[in-house]
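Read the structure below first, then the notes.
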Amino acid sequence: MTTFRPIDDLEPGQRLLVRIDINAAVEDGTVQDSRRFARHAETIHELLADNHAIAVLAHQGRPGEDTFVSLEEHAEILGDHLDHPVAFVSDTCGEDALSAIDDLEPGDVLLFENVRMCDGELPEEEPETKAETDLVRTLAPEFDAYVGDAYSTAHRSHASIVGFPHVMDAYAGRVMEQEYTAITAVRDRTFDGPVTMVLGGTKAEDAIPIVEQLDDTVDRFCLGGVVGELFLRADGHTVGYDVADTSLFDHQWDDHRDDLERILEAYRDRLHLPTELAYEDDDGERAEVAVEGTTKEWPFLDVGAETAERYADVVADSAAVFIKGSLGVFEDERFADGTVTVLAAMAEADCFSVVGGGDTARAVELYDFDENDFSRITIAGGAYVRALTGDPLVGVDVLESHH
Ligand SMILES: Nc1ncnc2c1ncn2[C@@H]1O[C@H](COP(=O)(O)OP(=O)(O)OP(=O)(O)O)[C@@H](O)[C@H]1O
Ligand SMILES: O=C(O)[C@H](O)COP(=O)(O)O
């Protein structure tokens, strides 16, 4: 069990640096609200009740991606959830940030700019290295303590996650505590029947190692999304390539080709792959094509209906089902079939079920599922599947070891 220091141990009325994860979907340039904002607002609400002055660090997207935007809109959404003003400064560790910190009073909440716009934040390095970044060296002396609340980013060894606890008093926020406890409990559970993991979404680096690491816990994997297509490409099909204006496949293929081919060979009997894929035809309608022998050069946006039904049958015959990453672009209802069919099967099945992933969890609200039909909905994605392997989460370990 972890030995976090909870925020209950904080003396009231301090100046706190709080790291949360409100990484959100961005649709047509507009930041989408999500349960992440609501959950982190609970931590901030508690800290306000103890008369703290609060400055918040968070990230959005990744450099070069279209979701890599300012946190200005995030401040408004967070303020709505808090029903309390959230000031925004379009700076993270420069002069504007420092003067905004100087003006901080107890009861104030300030959100810094997207921390991934700051040089030292990326890439992943050891905590002691991240502690030497300008970000940490500039901000740490300005605060009495750091509160790590970003469980869903705890698998990333970034400066705002691992650098501050290395040099200052560090506490775990409520989201960090609750998600850690819940996911650890899941990891330690055993089930009296088949365990199924549904892996989709766009992030191959989160999904691929999981197949190998959860080999003794998960009996079968149902693959979809970009992840599923990359495995199909490893299986020799002409899918999983960047076509038109997509940039989701080729760079991930280059990075993970060996793993994909090795895992496909080693675990073929446990992997369920799509047999048809869906795309948008010339009339803007959903159309499907069999994977076998296709030479279609259009972006695929969902698994086919037959695949979805086959996965639903696997889910129905499971004692536990974990899903991370959607099977298609469920935000567009023409391509929500795979994700919705599997979520419906999870909701109906008498099984232990966990829905994970910042975007994937949104499908539960978007398609009016009852949250109570699932055992847990976690706001973490990559962090939750990584935690199921028993692998350490760097953002958790540093909160334990530095106090
Ligand atoms: N074939 C596809 N092409 C493009 N995008 C896809 C495809 N299938 C799924 N997606 C996208 O994947 C996203 C969800 O998966 P993602 O990898 O982002 O995981 P997540 O649920 O957000 O977890 P995390 O919190 O780790 O990001 C959805 O926003 C969906 O639009
Ligand atoms: O949405 C997430 O999974 C977290 O915010 C981490 O984002 P990342 O995968 O871009 O590090």
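Just to be sure I understand, how many residues within segment 229-254 are within 16 Å of ligand 2 (Cβ to nearest atom) and either among the polar types (S, T, N, Q) or modelled with pLDDT of 95 or more (or both)?
Here the count works out to 2.
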- Just to be sure, is E309 under 23 Å from V211 (Cβ atoms), outside any helix (DSSP H, G or I) and either of a type in the set (D, E) or in contact (Cβ under 8 Å) with a residue 40 or more places away in the chain (or both)? no
- Item | Answer from A87, A49, A24 - the residue that is of a type outside the set (D, E, K, R) and in contact with a Lys or Arg (Cβ under 8 Å, 6 or more places away or on another chain) | A24
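Consider segment 21-69. How many of its residues are buried (at least 21 other Cβ atoms within 10 Å of the Cβ) and more than 10 Å from ligand 2 (Cβ to nearest atom)?
Matching residues across segment 21-69 total 14.
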- Task: State whether the residues of segment 192-205 include one that is under 19 Å from the mean Cα position of the chain (by Cα), in a helix (DSSP H, G or I), within 16 Å of ligand 2 (Cβ to nearest atom) and under 30 Å from W253 (Cα atoms).
- Result: yes
- Item | Of all residues in segment 365-381 being aliphatic (A, V, I, L, M) and within 16 Å of ligand 2 (Cβ to nearest atom), the one that is nearest to K203 (Cα to Cα) | A380
- Note on the structure: Reported set for segment 157-179 where residues are under 26 Å from S375 (Cβ atoms), out of contact with any Lys or Arg (no Cβ under 6 Å at 6 or more places or on another chain) and within 16 Å of ligand 1 (Cβ to nearest atom) is M176, E179
- Restricting segment 319-337 to residues that are surrounded by 24 or more Cβ atoms within 10 Å (Cβ to Cβ) and in a loop (DSSP other than H, G, I, E, B), which is nearest to the chain's Cα centre (by Cα)? G325
- Matching residues, segment 5-30, being under 24 Å from L135 (Cα atoms) and under 22 Å from the mean Cα position of the chain (by Cα): L17, V18, R19, I20, D21, I22, N23, A24
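The values are calculated or read from the model by the stated rules, or taken from the named source; none is laboratory data. Please read these numbers as outputs of a predicted model, since none were measured by experiment. Backbone-built Cβ (ideal geometry, glycine too); neighbour counts: all protein chains shown.
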